[in-house]
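Computed from the coordinates by the stated procedures, all read-outs in this text should not be read as laboratory data. Quick caveat, the model's predicted, so the values are computed rather than measured. FYI the Cβ positions are ideal-geometry reconstructions off the backbone, even for glycines, and counts take in every protein chain you see.
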Amino acid sequence: MQFNRIRGPIEDLLIWSATSNGFSFVISFETRSGPGLRGRHGYLASWRPIHQSRCAIKVGGSPFESLVEAEMACTATLAHLTRQA
């Protein structure tokens, strides 16, 4: 799964997304203060089915200390989801 940074009008937002096997994954970087998204400090990962109108579900272990850890957790979640399908 290849995550790509989403670029928008607000450069302070750090958001990456990826899709695979009918699932969408998003990783965002959050801090308690400073620019960007507010929340617990770290990389928050979530997923949802692409073709269903459902809320995103937080990936277990979020927030992570690094982007690599968040990507690995998303990959493990995808493996679990596709095994169950």
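The loop-placed trypsin sites (Lys or Arg not before Pro) in region 47-85, going by DSSP, that have at most 10 neighbouring Cβ atoms within 10 Å of their Cβ come out as ARG54.
GNM on the chain, C-alpha springs below 10 Å: top fluctuator among ALA56, ALA45, ALA70? Among ALA56, ALA45, ALA70, the largest GNM mean-square fluctuation belongs to ALA56. Taking the three principal axes of the alpha carbon atoms in the chain, the coordinate ranges are 41, 25, 22 Å, sorted in descending order.
Starting from the chain, pick out the GluC sites (Glu not before Pro) whose DSSP state is loop and whose Cβ has at most 13 other Cβ atoms within 10 Å. All intermediate terms of the calculation are to be shown ahead of the outcome.
Working: sites: GLU11, GLU30, GLU65, GLU69, GLU71; in loops: GLU11, GLU65.
The qualifying sites are GLU11, GLU65.
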